[in-house]
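As structure tokens, the structure follows; a few thoughts come after it.
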Amino acid sequence: MHVRLTGLALAIGLAAGGGPASAATVTGTFTPAGPGEAFLALLQPAGSGIYEVSFAFSRPGAGHISTHLMESYEFYDAVTGEHQGGDDNLYDNEYFFPSPTLNGSLTFRIGRPYSEVIGGQRIEGFFWDARIGLSGAFDGATPVTYSLSVDRVADVPEPAAWLLMIGGFGLAGTILRRRARAVA
């Protein structure tokens, strides 16, 4: 019985797999000098994953969250391995909240390094220089306290991780099925 429970616990552990979450927060106080939007904070998440970005103000304000991500990739002949070129892509997005609000959030994804063969070419690439910024606009000259948080809520699973999770679920199912037969 003890061996079966240990096996079940191991199978569940294999199926659940995953990485630790990471978080970063910037807080501060801003005193508006007049009308217009001002840049308030910048965070740089590290590593691939799915991130939740959230902000909060001590009084209603409008503004936007900006995301910036660079991707670099290279092309190689799939047969000879000869380098055929490469390029960089810049992904800049703006998420506006024009109506005055106290808080909000969005999800931001940074992909893993990759290598794939398409049409006789091997393409290798990676993502870097991820930045998330917060800007705000407020009425009056009353100081505003703000916070910008970035929390990695999930890893982007690699194919090997998917295989491990599927194997873990299969092992758990097998153990439970055998256990049900032994009881019956």
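Readers should treat all values here as calculations from the given coordinates under stated rules, not as data from a laboratory. This structure is a prediction, so every number in the text was calculated from the model and none was measured. For neighbour counting, all protein chains shown are included, and Cβ atoms are generated from backbone atoms with ideal geometry for every residue, glycine included.
So here's what we get for this one:
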{"quantity": "Per-residue HN-Hα couplings for the stretch 93-98 [Karplus 6.51, -1.76, 1.60; θ = phi - 60°; Hz; x = Gly/Pro]", "calculated": "10, 10, 10, 8, 10, x"}
{"quantity": "Net charge of Cβ neighbours under 10 Å - reference GLU74; Lys, Arg +1; Asp, Glu -1", "calculated": "-1"}
{"quantity": "Residues ILE50 and THR80, FRET efficiency given R0 of 30 Å [Cβ-Cβ distance, rounded to 0.05]", "calculated": "0.25"}
{"quantity": "Percent breakdown of C-alpha pair distances by 10 Å bin, ordered from the shortest bin, for the stretch 19-156", "calculated": "11, 34, 25, 16, 9, 4, 0"}
{"quantity": "Estimated vicinal HN-Hα couplings, Hz - the stretch 36-46 in sequence order (Karplus 6.51, -1.76, 1.60; Gly, Pro = x)", "calculated": "x, 9, 10, 6, 10, 7, 9, 10, 10, x, 10"}
{"quantity": "Efficiency of FRET from Cβ geometry, SER99 and PHE169, R₀ 41 Å, rounded to 0.05", "calculated": "0.40"}
{"quantity": "Computed magnitude of the charge dipole of the stretch 36-112 (debye, nearest 20; Cβ of K, R +1, Cβ of D, E -1)", "calculated": "600"}
{"quantity": "Mean projected area in nm² (Cα convex hull; one quarter of hull surface) for the stretch 58-121", "calculated": "5.9"}
{"quantity": "Förster radius 30 Å - calculated FRET efficiency between TYR114 and ALA24, Cβ distance, rounded to 0.05", "calculated": "0.75"}
{"quantity": "Peptides ranked, highest mean first, by Cβ atoms within 10 Å: ranges 59-69, 172-182", "calculated": "59-69, 172-182"}
